Structures are given as structure tokens and as C-alpha cells.
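Right, one structure below, let's go through it.
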Amino acid sequence: MKIDTLLNNAIVFDIETYAKDANGKEINIKTDFEKCLQFALVKWVGIYSFRENKEYYLEVSKDREKIKELMDANYILIGFNSAEFDYPIMVNNGLANPSIKRNHVDCMKILGANSFRDKNGYKYKGRGGLMGYSFKRNSLKCMAEAMKLEVQKGDIDY
């Protein structure tokens, strides 16, 4: 398969969420990750479409159908901690169809130190180290700083 074919079916995506339990109490992702996955609501979705060579910054309350359209039209999903966080939350929020077979390119699992494991017990690949990078943590911000990326993840002011 040609790289162009792959890219024409790929998107890079990231979500911004908030999570509150049934009583309205905010859920702390660091202390209760599973509960956060269960109750998280997506507020914003950022998507880059290789097919369209276009960036999308979409608010779920206004752009739900466009988000679903972009997610369903692509079977290769690229993100950071997306396989265990972003994608399951997108499914829970009805923004991604779980019956579509997906290939996930999770940059955290690829770059992250192989001393870490995913929820299924598989080691991260440690490719950042092979490329000569030393990351303080497996966070996107730390990795972006170490790699001296021009655009880095920051805090979002809703």
C-alpha cells in the first residue's frame, strides 16, 4: 500500500474534556482514571486531515456531526495517549463509531520509555530514546520540549 493511500485515510486528533460524577463533583484524572474515562465529556476536538490538508478546531456543542463525519471517514487515528484515553471517550460520547476497524498510531506508546506499560501490560516502544531524546516524563509537553518542537501543547483557556 502506498503512503499516500494511508495518509488519505488518516487524521491526527486531540480532545479536551471535563469529567464530573453523578453528583456534579469534578473527577480527578490522576486519582480516578477509569471513572474519568467513564464520565468524561468532550468539549473540543482538534483534527488534522491529511486528505484535505486542513486543520479543524471543533466545539462539540456546535459541530457534533462534522466531528462524527471526520472520525468515520478515516480508519487511521494518530494521537497522543489516544488509544487509551481520547478514542474511548470519543466512543462514549457518540463521536466515533466503535464498529469501524481502526489502526491507532499512539505517539505516547511509540516514543515513551519502555519502562512504562499500557493497560494491557504491553511495554511502550521507547523510540524516543533510539532517536537520541531523553524525556523527563511521558507527557506530550515534556516530549515536545525535549524535541524542541515549534508548536507545543499548552494550557487551554475555555
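When the residues of the range 94-113 are narrowed to those that are among the basic types (Lys, Arg) and open to solvent by less than 70 Å² (accessible area, probe 1.4 Å), which ends up nearest to Tyr75 (Cα to Cα)?
Of the residues in the range 94-113, the ones among the basic types (Lys, Arg) are 101-102, 109.
From what's left, open to solvent by less than 70 Å² (accessible area, probe 1.4 Å): 102, 109.
Numbers: Arg102: 5, Lys109: 19 Å.
The residue in question is Arg102.
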(request) Considering each of Phe85, Phe116 in turn, give the residue that is among the hydrophobic types (A, V, I, L, M, F, W, C), in contact with a Phe, Trp or Tyr (Cβ under 9 Å, 6 or more places away or on another chain), closer than 24 Å to Cys36 by Cβ and open to solvent by 80 Å² or more (accessible area, probe 1.4 Å). (result) Phe116
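Could you say which residue among Glu34, Glu65 is open to solvent by 80 Å² or more (accessible area, probe 1.4 Å), acidic (Asp, Glu), more than 21 Å from Met108 (Cβ to Cβ) and without any contact (Cβ under 8 Å) to a residue 12 or more places away in the chain?
After ruling out the rest, the residue left standing is Glu65.
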(message) Quick check on my filter: what residues within the range 17-33 are at negative phi and either over 16 Å from the mean Cα position of the chain (by Cα) or modelled with pLDDT of 95 or more (or both)?
(response) Ala19, Lys20, Asp21, Ala22, Asn23, Lys25, Glu26, Ile27, Asn28, Lys30, Thr31, Asp32
(message) One residue is enough: does the range 45-61 have a residue meeting the conditions within 17 Å of Asn92 (Cα to Cα) and part of a loop (DSSP other than H, G, I, E, B)?
(response) no
(message) Can you name every one of the helices (runs of 4 or more DSSP H) wholly within the range 64-157 that holds 1 or more residues which are touching a helix residue (DSSP H, G or I) at 6+ places or on another chain (Cβ under 7 Å) and closer than 20 Å to Phe13 by Cα?
(response) 87-92, 107-111, 140-146
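The values are calculated or read from the model by the stated rules, or taken from the named source; none is laboratory data. Small disclaimer: the values here were computed from a predicted structure and weren't measured. Neighbour counts are summed over all protein chains in view; Cβ atoms, including those assigned to glycine, are modelled from backbone coordinates with ideal geometry. In case anyone asks, the SASA skips ligands and DNA or RNA and just uses the protein heavy atoms, side chains included. Shrake-Rupley method; radii C 1.70, N 1.55, O 1.52, S 1.80 Å.
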